[in-house]
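Q: Structure provided below as structure tokens; questions to follow.
The values are calculated or read from the model by the stated rules, or taken from the named source; none is laboratory data. What you see is a predicted model; the values in this text were computed from it and never measured. No Cβ is skipped: glycine too gets one built from the backbone with ideal geometry, and neighbour counts run over all protein chains shown. With ligands, DNA and RNA removed, areas are computed over all heavy atoms of the protein, side chains included. Shrake-Rupley method; radii C 1.70, N 1.55, O 1.52, S 1.80 Å.
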Amino acid sequence: MSISLAAYTDVVGAPAIEQLHQLADDLAGMRVVHVNSTKSGGGVAEILSWLIPLMNELGLDASWEVIEGNAPFFDVTKSMHNGFQGNPVDLSDEAKAAYIETNVSNAERLRPILEGADFVFIHDPQPASQIELTPHRRGKWIWRCHIDASHPSRSVWKFVSQFARQYDASIFSMPQFAKSLPHPQFIIAPSIDPLSEKNRELAPGEIKSVRDRFGLDPKRPILTQISRFDRFKDPLGVVRAFRTLQIDPRPQLVLAGGGATDDPEGQMVLDEVRKAADGDPDIHILFLPGDAHTTINALQRASDIILQKSTREGFGLTVTEGLWKAKPVLGGDTGGIRLQVFNYHTGFLVNTPEGAAHRIRYLLQHRERMRAMGRKGREFVRENFLLTRHLREYLTLMLGLKQELRDHLAA
Ligand code: UDP
């Protein structure tokens, strides 16, 4: 379901909405195509699901394409993802061939769509080589990298950068991720949709019914981490932190998440987490379907503290979602989490399971402080990480590139 821009007036004020219309006037009718590798699961799909309808409402002609891949392709792109975020990955010739082969077969279908577009946004490494498979490009091509690219493995960056450097511009979530590339690089932080099913206000009965469904006791604290079962999200570290907590009444831990169609490692990590939890009745491991937005919303709202103990994180929309629900967030001291979590203000940054346990104990023993942090976190998100700010930055980026586009088409 898409929500009209006017509905956001109550959240961000009328001038912010008016400003978007003004900016978009100069882009009316322009053809914009976004390409990523999954329709559901993970932050990119979350963003594209509101970005496309709102761009269309603003008068642009926007669409969303997904590249289709087989298991070997997603094994390769997952290991590229891991290599990007610092794991020592050496891409074999076979892996590179599988990547190219899938992109070539997708290009047959995508080329006619991408050739005529005024702006093409290619998200992350999976579809990055589409640029050289579309030789007759008319518009501006922008590579949007959502992952922590600060210390990629040499082999992976060498491979991906041969495509990345062909773009007209790139976007990273924070300055520390920018690379040495021969084109303008923009820094745009992601954002959440405050009116989506994932983030809208819920009635107390809706929260209660989800709490009851999973057998959570409202009289004891609830700590929740929502994320794909991915090693960089450190679910095992969360279990370890929980096990070192000696506190009365004993809190409950919820580790909830599903898979993403472009993430083949989920099942393996889930099995490891189940093993580490060792049947502890206070550790609730929930494997959720891709459309469990209301459930996730209710779990976040039912929680006392939101955890996101990642060891690498491009941004961490789950952090934003938790802050928006006025919950303090305990986040791994890494990447985009550092843009959102500030010690004693919106939560705590942690490096170890012991550090996480220490901060959880502090928060549960300082309830008033916890509530104050929650209020601050919500306002911080309102000012910085809602979709209207994000959309404004996309529009200004396109306006900036548009003149160049005109010159290019006139030449
Ligand atoms: N999410 C979801 N279902 C899940 C796990 C995550 O809908 O099982 C959502 C989560 O609420 C958030 C996004 O997917 O909106 C994850 O984005 P984030 O930036 O935290 O991490 P990513 O998965 O992109 O690394």
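Q: Under the rule of at least 5 residues apart or a separate chain, name every residue whose amide H is placed under 5 Å from the amide H of Gln252.
A: The list, which skips near neighbours in sequence, is Ile222, Leu223.
Q: Where only protein heavy atoms count, and the probe is 1.4 Å, what is the accessible area per residue for region 1-108 in Å²?
A: Accessible area per residue: 43 Å².
Q: Follow-up. Collect residues whose amide H, placed 1.01 Å from N in the peptide plane, falls under 5 Å from the amide H of Leu307; neighbours closer than 5 in sequence don't count.
A: Thr224, Gln225, Ile226, Leu330
Q: Expressed as a whole number of Å, what is the distance separating the alpha-carbon centroids of region 76-99 and region 345-389?
A: Here the two parts' Cα centres lie 35 Å apart.
Q: I would also like to ask the following. If you take every residue apart from Val12 with its C-beta less than 9 Å away from the C-beta of Val12, what net charge results, scoring Lys and Arg +1 and Asp and Glu -1?
A: +1
Q: Can you pick out the pairs among Lys309/Lys376; Lys327/Lys376; Lys96/Lys140; Lys208/Lys325; Lys208/Lys275; Lys198/Lys309 whose Cα atoms lie more than 18 Å from each other?
A: On the way: Lys309/Lys376 20 Å; Lys327/Lys376 9 Å; Lys96/Lys140 26 Å; Lys208/Lys325 16 Å; Lys208/Lys275 29 Å; Lys198/Lys309 20 Å.
The pairs that break the limit, which is 18 Å between Cα atoms, are Lys309/Lys376; Lys96/Lys140; Lys208/Lys275; Lys198/Lys309.
Q: Considering only the other residues whose Cβ falls under 11 Å of the Cβ of Pro182, what net charge follows from Lys and Arg at +1 and Asp and Glu at -1?
A: Within the 11 Å Cβ shell, the charges total +1.
Q: Further question on the same structure: For Leu286, what residues show an amide H to amide H distance below 5 Å, using hydrogens built from the backbone and excluding near sequence neighbours?
A: Amide H neighbours of Leu286: Leu255, Ala256, Gly257.
Q: What order, most packed first, do the peptides 86-96, 138-148, 121-131, 52-62 have when packing is the mean number of other Cβ atoms within 10 Å of each residue?
A: Numbers: 86-96: 14.3, 138-148: 22.8, 121-131: 25.1, 52-62: 18.7.
Ranked by mean Cβ neighbours within 10 Å, highest first: 121-131, 138-148, 52-62, 86-96.
Q: For region 369-379, in order, what is each residue's ³J(HN,Hα) by Karplus, 6.51 cos²θ - 1.76 cosθ + 1.60 with θ = phi - 60°, in whole Hz (x at glycine and Pro)?
A: Result, rounded to whole Hz: 4, 4, 5, 5, 4, x, 5, 5, x, 5, 5.
Q: In whole angstrom, note down how far apart the Cα centers of region 164-235 and region 268-312 are.
A: Each part's Cα centre sits 14 Å from the other's.
Q: At a 1.4 Å probe, what is the % contribution of carbon and sulfur to the accessible area of the chain? Don't skip to the end; give the middle numbers.
A: On the way: 8440 of 16540 Å².
Reported share for carbon and sulfur atoms: 51 percent.
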